[in-house]
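Chemist: Okay, here's the structure, questions in a sec.
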Amino acid sequence: MSVRGRRPTRRSPLPGYKACRNCKAVVPDEAEKCPVCGGTDFTKDWMGLVIILKPEESCIAKKLGINRAGMYAIEVL
Ligand SMILES: [Zn+2]
């Protein structure tokens, strides 16, 4: 490591969690399959966490295309 100290990398806001590239659901690291879409393509590079309780009443959910309650990343890189 150089004297510049900490690298300005973007870290996941929730250690131990990863995001589904397909539907942006945030799931624990140990999950093998996405509980929302059944996908297996996950990434640690995600930003912003949104918790959707009532997708039918949430304009955030509509914007993100979410129709199931749960935790989602706002941006998957
Ligand atoms: Zn998914």
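The values are calculated or read from the model by the stated rules, or taken from the named source; none is laboratory data. This structure is a prediction, so every number in the text was calculated from the model and none was measured. Cβ atoms come from the backbone with ideal geometry, glycine included; neighbour counts cover every protein chain shown. The area values use the complete protein model at the heavy-atom level, side chains included, leaving out ligands, DNA and RNA. Shrake-Rupley method; radii C 1.70, N 1.55, O 1.52, S 1.80 Å.
Chemist: Step by step: first the residues of the range 17-34, then only those that are farther than 18 Å from LEU77 by Cβ and surrounded by fewer than 14 Cβ atoms within 10 Å (Cβ to Cβ), then the one that is nearest to the chain's Cα centre (by Cα). Which residue is that?
Modeler: PRO28
Chemist: It is to be established whether one or more residues within the range 46-59 are part of a helix (DSSP H, G or I), of a type in the set (A, V, I, L, M, F, W, C) and open to solvent by 30 Å² or more (accessible area, probe 1.4 Å). Can you show your working first?
Modeler: Taking the range 46-59 first, the residues part of a helix (DSSP H, G or I) are 55-57, 59.
Checking which are of a type in the set (A, V, I, L, M, F, W, C) leaves us with 59.
Then keep just the ones that are open to solvent by 30 Å² or more (accessible area, probe 1.4 Å); that gives 59.
There is at least one residue in the range 46-59 that is part of a helix (DSSP H, G or I), of a type in the set (A, V, I, L, M, F, W, C) and open to solvent by 30 Å² or more (accessible area, probe 1.4 Å).
Chemist: So, in the range 15-34, how many residues would count as being at positive phi and basic (Lys, Arg)?
Modeler: 1
Chemist: Here is a further query. Which of the residues spanning the range 15-39 are more than 6 Å from the ligand (Cβ to nearest atom) and in contact with an Asp or Glu (Cβ under 7 Å, 6 or more places away or on another chain)?
Modeler: Result: GLY16, TYR17, LYS18, ARG21.
Chemist: With the checklist (1) more than 16 Å from PRO15 (Cα to Cα); (2) free of Cβ contacts under 8 Å to residues at least 40 places away in the same chain in hand, flag the one item ILE66 doesn't pass.
Modeler: (2)
Chemist: Given the conditions (1) modelled with pLDDT under 90; (2) surrounded by 13 or more Cβ atoms within 10 Å (Cβ to Cβ), which single one is not true for PRO8?
Modeler: (2)
Chemist: Still on this structure, please answer the following. Only residues in the range 21-39 that are over 18 Å from LYS63 (Cα atoms) count as the first member; pair them with residues that are open to solvent by less than 20 Å² (accessible area, probe 1.4 Å) and more than 7 Å from the ligand (Cβ to nearest atom), Cβ under 7 angstrom, at least 6 apart or cross-chain, and list the lot.
Modeler: These pairs meet every condition: CYS34/VAL27; PRO35/VAL27.
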